[in-house]
Amino acid sequence: MAELADLHRCLAIDASFTTDHVWQMDGHETEGLVQAAFRVVKLPRPMKVNYPRDTDNLVENWHKNECFLVAEDGEEIIGYVDMSPHRWNATGWINNIVVSPGYRRKGVGSALLRAAARWARQNELQRIMAETQTKNHPAICFYRKNAYKFCGFNDQYYTNQDIALFFVLSL
């Protein structure tokens, strides 16, 4: 579990990412049928994207004293995951998962997900939900690599009008 001093170091981690693919949504509605489909589209050039949440969100989640775990390399905080339990449906919702750019694609994020799953099991949760933007192809690949299954979307989720994709892991 994270200590208060860790929170400030978590806030300093660059959560932005670069992507060269997005999930593009195609949807239409006809009488009696609603269809939505996603396809992976390669962008003409890599795009840098800012993390969709502000630091106030992380501080607020810290104060709830739920599941806030950090990954360290010596004295350095290199990543964190914060998750809220929703007891009514036995689901842990990942609010934030961030890994420092120099440590990405080295197993840190996967280790954080495994630690969050252990916490969830210890707290009698049955599944973990995660969400990400359609343009966060690295996160989409990351969740899928870690056995999370695509389970839905919300096209009104983010304040910047990005579509949220939802992924679930059954415990």
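For beta carbons closer than 9 Å, sequence separation of 6+ or different chains, a first residue in the stretch 16-31 that is in contact (Cβ under 8 Å) with a residue 24 or more places away in the chain and closer than 19 Å to Gln161 by Cα and a second that is basic (Lys, Arg) and surrounded by 14 or more Cβ atoms within 10 Å (Cβ to Cβ), the qualifying pairs are Phe17/Arg104; Thr19/Lys135; His21/Lys135; Val22/Lys135; Trp23/Lys135.
Every condition in (1) within 27 Å of Asp155 (Cα to Cα); (2) touching a Leu at 6+ places or on another chain (Cβ under 8 Å); (3) surrounded by fewer than 19 Cβ atoms within 10 Å (Cβ to Cβ) holds for Ile97 except the one numbered (3). Selection over the stretch 58-79 of residues that are within 21 Å of Gly92 (Cα to Cα) and either free of Cβ contacts under 8 Å to residues at least 24 places away in the same chain or surrounded by 14 or more Cβ atoms within 10 Å (Cβ to Cβ) (or both) gives a count of 14. When Asp56, Asp14, Asp82 are checked against the criterion of being under 26 Å from Ala115 (Cβ atoms) and in contact with a Cys (Cβ under 7 Å, 6 or more places away or on another chain), Asp82 stands alone in meeting it. For a quick check of your reading of the model, give me the residue pairs whose first member lies in the stretch 143-171 and is under 22 Å from Gly109 (Cα atoms), whose second is part of a strand (DSSP E or B) and among the acidic types (Asp, Glu), with beta-carbon atoms closer than 9 Å and at least 6 apart or on different chains. So the pair list comes out as Ala164/Glu131; Leu165/Glu131; Phe166/Glu131; Phe167/Glu131. Restricting attention to the stretch 23-38, does a residue exist that is touching a Phe, Trp or Tyr at 6+ places or on another chain (Cβ under 7 Å) and either charged (D, E, K, R) or more than 22 Å from Thr134 (Cβ to Cβ) (or both)? Within the stretch 23-38, not a single residue is touching a Phe, Trp or Tyr at 6+ places or on another chain (Cβ under 7 Å) and either charged (D, E, K, R) or more than 22 Å from Thr134 (Cβ to Cβ) (or both). Gly109 passes every criterion in (1) assigned to a strand (DSSP E or B); (2) free of Cβ contacts under 8 Å to residues at least 40 places away in the same chain; (3) closer than 21 Å to Arg53 by Cα; (4) not aliphatic (A, V, I, L, M) apart from (1).
For the stretch 120-170, taking the residues that are assigned to a strand (DSSP E or B) and among the aromatic types (Phe, Trp, Tyr), the one that is surrounded by the fewest Cβ atoms within 10 Å (Cβ to Cβ) is identified as Phe150.
Taking strands (runs of 3 or more DSSP E) as the structural unit, no element lying wholly within the stretch 1-94 holds at least 3 residues that are at positive phi and at pLDDT below 95.
The values are calculated or read from the model by the stated rules, or taken from the named source; none is laboratory data. What you see is a predicted model; the values in this text were computed from it and never measured. Because the Cβ atoms are built from the backbone with ideal geometry, glycine has one as well, and the counts that use them run over all protein chains shown.
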